[in-house]
Amino acid sequence: MRIFWVRLERKLSRQGAIGSTAILSALAVVMAALVHLVLYIDGAKLTRPAFFHIVIETLTVAVPLILYSRYAIAQLKKSRRQLAEMSCHLAITVEEAEQANRAKSTFLANMSHELRTPLNAILGFSELMKEQSLGAIENPRYLAYIAHIHDSGQHLLGIINDVLDLAKIEAGKMTLDNVKQFELAPVISSSLAMLKSLGEKFDVAVCNEIVDRDILFTGAERMIRQVVINLAGNAIKFTPPGGEVTLSGRKRTDGSYDIVVRDNGIGMNEDEIARALMPFGQNGNRFSGHHNGTGLGLPLAKAMLELHGGNLVLSSAPEMGTTVTMTLPGSRIYFRGRAAA
């Protein structure tokens, strides 16, 4: 039976709308006649008038239905072809975009030496001149210019480092180098100490409420330090004067450990949270002009944390502040003397 319907479908597909309708109508008439014979098998005869009545009734019902069905099938086939073409084009577009993104990331990752070397020279020579190590500079304006050169070079180097680190992660070239076991609390304390001047500049208090002093973490200390600096620094920049940024820690039942950065700043809605987690994504607000930035702080922190097997979660509401939770995986967390089971 299945073979019959397959062959019928092939035959119908080679016919036009009129031809396929004629074939299906003839089949409908034959089936109607057979049904009539079955129902009246007890002796009733299929007379010529009765047969014509069956034909007319069958054609009246079957032809419109068959025509509409063939039209619907044709439209479905056309839609399926269009969908297949769109899927093919989309697959090609996605592949081209991924290749372009990989090429971009690879290019930026390979620019590390070319960009950092001249900047380090600028920073080194300007530092020597600023300290007047090789002799006094009599004109004070030159000293001010040198200080500006040095500060601008440091700012530019920081941006380049962020871009290159993110590019390396996207290109799959970033690895956990210099992995070791270290105490978590001192790293967090020293990271916040580096942000002291930033807090004073924006008149924002930074409080460290992490009391767990016996926790050890296995990972890249430089990256964890940068994650803390990025998260706390972002919170400071987007908190009004007189506000507060608080760091706290909590152990989870699965052995992982949360470091929570909470502020009472301007907050974000859901769309702004999604934008803030995208590379180079920056939200426009009344604080936008108060600081320079590339929009890489949160994406880079998230990427570095995920390299360690952790994750980053943001929760926020406009004018209600923001809470950022960085979760360190239990597989890398140890209590002094025993694993954090």
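Filter the GluC sites (Glu not before Pro) in the stretch 179-277 to those in DSSP coil with at most 16 other Cβ atoms within 10 Å of their Cβ, and list the result.
The qualifying sites are Glu209.
What is the gain in length, in nm to one decimal, between Lys196 and His155 on full extension, counting 0.36 nm per residue of separation less the C-alpha to C-alpha distance?
Length gained, Lys196 through His155: 13.0 nm.
Rounded to the nearest whole Å³, what is the per residue volume of the convex hull around the Cα atoms of the stretch 105-169?
Given the Cα convex hull of the stretch 105-169, per-residue volume reads 64 Å³.
If we restrict to alpha carbons, what Rg and Dmax does the stretch 140-253 come to, in Å?
17.0, 60
Per q in 0.24, 0.29 1/Å, what log10 I(q)/I(0) does a Debye calculation on the alpha-carbon atoms of the stretch 137-182 return?
So the normalised log intensities work out to -0.86, -0.95.
Within the stretch 172-206, find all residues whose amide N lies under 16 Å from a label point positioned 7 Å from the Cα of Glu98 along Cα-to-beta-carbon.
From the stretch 172-206, the list is 172.
For the stretch 76-229, with equal point scatterers placed on the C-alpha atoms only and solvent neglected, what are the log10 I(q)/I(0) values from the Debye formula at q = 0.14 1/Å, to two decimals?
-0.98
Set the bar at 27 Å for Cα to Cα. Now go through Lys251/Lys302; Lys130/Lys180; Lys168/Lys251 and name every pair that lies beyond it.
Pairs exceeding 27 Å: Lys130/Lys180; Lys168/Lys251.
Relative to 2.2 N^0.38 Å, what does the C-alpha radius of gyration of the stretch 234-276 come to as a ratio? Two decimals please.
Rounded to two decimals, the normalised Rg is 1.43.
Mind listing which trypsin sites (Lys or Arg not before Pro) in the stretch 138-209 are in a DSSP loop and have 15 or fewer other Cβ atoms within 10 Å?
In loop regions of the stretch 138-209 (DSSP not H, G, I, E or B), the sparsely surrounded trypsin sites (Lys or Arg not before Pro) are Lys173.
From zero up to wherever the largest Cα-Cα distance of the stretch 201-264 sits, split into 5 Å bins and tell me the percent of pairs in each.
4, 16, 23, 24, 17, 10, 5, 1
Read-outs throughout are calculated quantities, based only on the coordinates presented, and are distinct from any laboratory measurement. The structure displayed is predicted, hence computed values, not measured ones. Positions of Cβ are backbone-derived with ideal geometry, glycine not excepted, and every protein chain shown enters the neighbour counts.
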